[in-house]
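Participant: I'd like to ask you about the structure that follows.
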There are 2 protein chains.
Amino acid sequence: MKSIKQKFSVPFKYTVHFTEEIFSLNNALFAHTVKDSRVAKVFFVIDEGVATVHPSLCGDIKKYAEAHSQHFILCADPMIVPGGEGVKNNKRYVEQILDASNTYGIDRHSFIVAIGGGAILDMAGFATAIAHRGIRHIRIPTTVLAQNDSGIGVKNSVNAYKKKNFLGTFAPPFAVINDSTFLNTLDDRDWRSGISEAVKVALIKDASFFEWLEANAVDLTARKMPPMEELIYRCAKMHLDHIAGGDPFEMGSSRPLDFGHWAAHKLEQLTNYELRHGEAVGIGICLDATYSYLKGLISVEDLNRIISLFKKLKFPIHIPELSGDNLVNGLEEFREHLGGELTIMLLSDIGQGVEVHEMDTQLIFKAAEKLEEFQKE
Amino acid sequence: MKSIKQKFSVPFKYTVHFTEEIFSLNNALFAHTVKDSRVAKVFFVIDEGVATVHPSLCGDIKKYAEAHSQHFILCADPMIVPGGEGVKNNKRYVEQILDASNTYGIDRHSFIVAIGGGAILDMAGFATAIAHRGIRHIRIPTTVLAQNDSGIGVKNSVNAYKKKNFLGTFAPPFAVINDSTFLNTLDDRDWRSGISEAVKVALIKDASFFEWLEANAVDLTARKMPPMEELIYRCAKMHLDHIAGGDPFEMGSSRPLDFGHWAAHKLEQLTNYELRHGEAVGIGICLDATYSYLKGLISVEDLNRIISLFKKLKFPIHIPELSGDNLVNGLEEFREHLGGELTIMLLSDIGQGVEVHEMDTQLIFKAAEKLEEFQKE
């Protein structure tokens, strides 16, 4: 029997920019990003919450487009969509973007730009990835979480069958633009919650970053911008380096960046997404750190440092949903979404992750009980 | 302003196998293809037309699965779907595959296998690509066209907004298995129509393959299997080499393998897909070859050889829909789907393609008129 072995590599590149006042008339970054051999067609999808706290945003974009009309034109008014996980639960938002792509003749060399939190970027990224097999997509993340983690990577998704991220693709963006101006208007929970992803990369990869987080925890919760900008840059850099150096499209079963996420996904779903993703990840990290301690992988001192940091950052450590069948089901759903062999990241030290392929259910329960005690302390 | 430049390559590989009697109990190829560290879950999507002319197929698959139960299990009965372009026009088929993925817990390391013509492979490939960001997908193409061209590449799609392939992704299959047994039951039009894709790659890349096609045209239309197997292997090899050596995910505007396709897509749509894709491509190639002659790019002798070959292969050369606004609209829709600059492949010789970025409408009309004359000759 004959056969032909097909083999190739597909190169991807994109830049994550850090800026302020992106649509200020003297900031040329956005116009340069969409600059091409022809005048680009651009369509915006904007988080309703962002548009509300930045009432001049849509007008600013219009003026900016007029000032840079030699580079791009707006093919329609921005589409305003509700923020938060709900936008990933309802098919109509993806359909609205596809409708717009058809109506306005948005082709593969045109741009769909999403401004908002991680959920909107996930949803718009999915619609953009499947129209014409991929329209150019620019992400402008407006939350800490989206700027340092979810908005800068290569994944998009929507929810289906009550399962988080059931539908999606791997599709690197054309560019990401992090504008720190948007962070000023976040409420305290959203300002804080993305910090857990920085703690995550620090714990599995970089002890010195963890120490920096301990040293800056008070300033971070006090909403000081310079340490937050540094946190976002460092976290984003580690996140991007990990993607580039590993398995960008996750063909294997290993997903180090999902440390703490198996319990987190379940908690988000059980609280109907009232719990923020970053908060859920904080609890998930505390759970898996405690499990690592109970397994004899890390010392009690290390565990205490981790729990203390999350407390200093004003994260919840435990919620009632973290118990019993919820834990068992959460683990099984994670395995199913991952596919193949169960692979869970634990800690062998601060700054050092270690993967395991089995989890002891009784020990998970015990870890959850310990978190309940920590919460009360 | 700071920035981080992200850059990586994603490696892909898959094998295109050539076999006979794929589910015969002494053919271990399929079982070896899905063999993994655990017993694989496998779900089949089968072309209704194929299941009808091969009434033992579903039973054979069941017996084969039982005989190879150490390697894989069927997680449900096969899903039978209608063949032909209609399956890409109706959302429910994609939804049925997604439903099955959810219901049967088909994860990223499980397999969805599609058996059928190009349309079913396109549709099932799309569903498979977006569930869990990509379930392993095996294609078993049953037509000449799907075995030598559409079923072996990296694209999937469904139609939307009355536009062919409006939705889709680039997602290399896990494996492709070409089983020549299925070709025996094709009707004459389906047997012949895929030959146009072989003429296409020959014309743009390999004059000696074109000469081989001229020498074997009579045997091919007489349904002799050995030359058809050779045609499929050579065409598949050139198609795969082109993908690997070029721009697999089509980030630029150049698409040499779309030679003859701009008019073909429009003709398929205008005839409500009564015209086969391969037949439409045949007419599209004749049109662009005639245009190349009228532009002074190829000699009248070369043009006559091309038209004669299609006539010998019993292809239609012209249909009434190939005229006026249809041509203008077809060109514009192709440009929109491609995105960016219009890029059309023409011929500068037999075996030598040349790209142009402008098409002269009056000359297109004249080429279509000449085809009408050729058709009558």
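Participant: Sort out which residues of the range B:34-56 are of a type in the set (A, V, I, L, M, F, W, C) and over 9 Å from B:Ile80 (Cα atoms), and write them in order of number.
Facilitator: Passing the criteria: B:Val34, B:Val39, B:Ala40, B:Val42, B:Phe43, B:Val50, B:Val53.
Participant: State which residue is surrounded by the most Cβ atoms within 10 Å (Cβ to Cβ) when the search covers only the range A:236-258 and only residues that are away from every other protein chain (no Cβ under 11 Å) and in a helix (DSSP H, G or I).
Facilitator: A:Leu257
Participant: Could you tell me which of the residues A:Glu214, A:Glu250 is over 22 Å from B:Asp107 (Cα atoms) and among the charged types (D, E, K, R)?
Facilitator: A:Glu214 is the lone residue from the list that is over 22 Å from B:Asp107 (Cα atoms) and among the charged types (D, E, K, R).
Participant: Could you grab me the full set of residues in the range A:155-199 that are facing chain B (nearest Cβ under 9 Å) and aliphatic (A, V, I, L, M)?
Facilitator: Across the range A:155-199, the qualifying residues are A:Ala160, A:Leu167, A:Ala171, A:Val176.
Participant: Also, I was wondering about something else. Whether any residue in the range A:359-377 is in contact with a Leu (Cβ under 9 Å, 6 or more places away or on another chain), surrounded by fewer than 18 Cβ atoms within 10 Å (Cβ to Cβ) and part of a loop (DSSP other than H, G, I, E, B) is what I want to check.
Facilitator: yes
Participant: Oh, and also: Test of understanding: among B:Ile106, B:Ile61, which residue is in contact with a Cys (Cβ under 7 Å, 6 or more places away or on another chain) and hydrophobic (A, V, I, L, M, F, W, C)?
Facilitator: Values: B:Ile61 fails: in contact with a Cys (Cβ under 7 Å, 6 or more places away or on another chain).
Step by step, each of B:Ile106, B:Ile61 is checked, and only B:Ile106 is in contact with a Cys (Cβ under 7 Å, 6 or more places away or on another chain) and hydrophobic (A, V, I, L, M, F, W, C).
Participant: Collect the residues in the range A:165-183 that are of a type outside the set (Ser, Thr, Tyr) and out of contact with any Phe, Trp or Tyr (no Cβ under 9 Å at 6 or more places or on another chain), keeping them in residue-number order. Working first, answer last.
Facilitator: The initial filter retains those residues of the range A:165-183 that are of a type outside the set (Ser, Thr, Tyr), namely A:165-168, A:170-179, A:182-183.
Selection gives A:Asn165, A:Phe166, A:Phe182.
Participant: Report yes if some residue within the range A:188-207 is part of a loop (DSSP other than H, G, I, E, B) and aromatic (Phe, Trp, Tyr); otherwise report no.
Facilitator: Within the range A:188-207, not a single residue is part of a loop (DSSP other than H, G, I, E, B) and aromatic (Phe, Trp, Tyr).
Participant: Across the range A:1-12, which residue is nearest to the chain's Cα centre (by Cα) among those that are polar (S, T, N, Q) and surrounded by 15 or more Cβ atoms within 10 Å (Cβ to Cβ)?
Facilitator: The residue in question is A:Gln6.
Participant: Look through B:Ile140, B:Ile130 and report the one residue that is away from chain A (no Cβ under 12 Å) and surrounded by 24 or more Cβ atoms within 10 Å (Cβ to Cβ). Let's see the steps before the verdict.
Facilitator: Details: B:Ile130 fails: away from chain A (no Cβ under 12 Å).
Testing whether each residue is away from chain A (no Cβ under 12 Å) and surrounded by 24 or more Cβ atoms within 10 Å (Cβ to Cβ) leaves just B:Ile140.
Participant: Determine whether the range A:326-346 contains at least one residue that is of a type in the set (D, E, K, R), modelled with pLDDT of 95 or more and in the same structural domain as A:Ala264 (by TED's automatic domain parsing).
Facilitator: Of all residues in the range A:326-346, those of a type in the set (D, E, K, R) come to A:332-333, A:335-336, A:341.
After this cut, where a residue has to be modelled with pLDDT of 95 or more as well, the list is none.
No: zero hits.
Participant: Here's another thing I want to ask about it. Checking B:Pro226 against (1) assigned to a helix (DSSP H, G or I); (2) more than 27 Å from B:Glu20 (Cβ to Cβ); (3) modelled with pLDDT of 95 or more: exactly one of these is not met. Which one?
Facilitator: Unmet for B:Pro226, out of (1) assigned to a helix (DSSP H, G or I); (2) more than 27 Å from B:Glu20 (Cβ to Cβ); (3) modelled with pLDDT of 95 or more: (2).
Participant: Please work out which one of (1) part of a helix (DSSP H, G or I); (2) surrounded by fewer than 24 Cβ atoms within 10 Å (Cβ to Cβ) is the condition B:Ile120 fails and give its number.
Facilitator: (2)
Participant: Let me ask another. Could you look through the range A:271-289, keep only residues that are more than 16 Å from A:Asn165 (Cβ to Cβ) and of a type in the set (A, V, I, L, M), and pick out the one that is farthest from the other protein chains (Cβ to nearest Cβ)?
Facilitator: So the residue we want is A:Ala289.
Participant: For A:Glu214, state whether it is among the acidic types (Asp, Glu), closer than 16 Å to A:Ser150 by Cα, assigned to a helix (DSSP H, G or I) and modelled with pLDDT of 95 or more.
Facilitator: Spelling it out, it is not the case that A:Glu214 is among the acidic types (Asp, Glu), closer than 16 Å to A:Ser150 by Cα, assigned to a helix (DSSP H, G or I) and modelled with pLDDT of 95 or more.
Participant: Applying the selection to the range B:13-29, what residues are outside any strand (DSSP E or B), buried (at least 20 other Cβ atoms within 10 Å of the Cβ) and either under 22 Å from the mean Cα position of the chain (by Cα) or outside the structural domain of B:Thr143 (by TED's automatic domain parsing) (or both)?
Facilitator: B:Ile22
Participant: State whether one or more residues within the range A:56-65 are farther than 15 Å from A:Phe23 by Cα and out of contact with any Phe, Trp or Tyr (no Cβ under 6 Å at 6 or more places or on another chain).
Facilitator: No, because not a single residue in the range A:56-65 is farther than 15 Å from A:Phe23 by Cα and out of contact with any Phe, Trp or Tyr (no Cβ under 6 Å at 6 or more places or on another chain).
Participant: I'm trying to understand the selection: among the residues of the range A:156-173, which are in contact (Cβ under 8 Å) with a residue 40 or more places away in the chain and either surrounded by fewer than 20 Cβ atoms within 10 Å (Cβ to Cβ) or in a helix (DSSP H, G or I) (or both)?
Facilitator: A:Lys162, A:Lys163, A:Asn165
Participant: Right, next: When the range B:4-45 is examined, which residues are found to be away from chain A (no Cβ under 11 Å) and of a type in the set (Val, Ile, Thr)?
Facilitator: Hits for the range B:4-45 are B:Val34, B:Val39, B:Val42, B:Val45.
Participant: Take the range B:259-290 and flag every residue that is buried (at least 24 other Cβ atoms within 10 Å of the Cβ) and at positive phi.
Facilitator: B:Gly260
Participant: Give me a count of the residues in the range A:161-192 that are over 26 Å from A:Pro248 (Cβ atoms) and among the small types (Gly, Ala, Ser).
Facilitator: Looking only at that region, the number is 1.
Participant: Can you give me the number of residues within the range A:10-43 that are touching a Lys or Arg at 6+ places or on another chain (Cβ under 6 Å) and of a type in the set (Asp, Glu)?
Facilitator: Within the range A:10-43, residues that are touching a Lys or Arg at 6+ places or on another chain (Cβ under 6 Å) and of a type in the set (Asp, Glu) number 0.
The values are calculated or read from the model by the stated rules, or taken from the named source; none is laboratory data. In this text the structure is predicted, and so the values were computed from the model without any measurement. Positions of Cβ are backbone-derived with ideal geometry, glycine not excepted, and every protein chain shown enters the neighbour counts.
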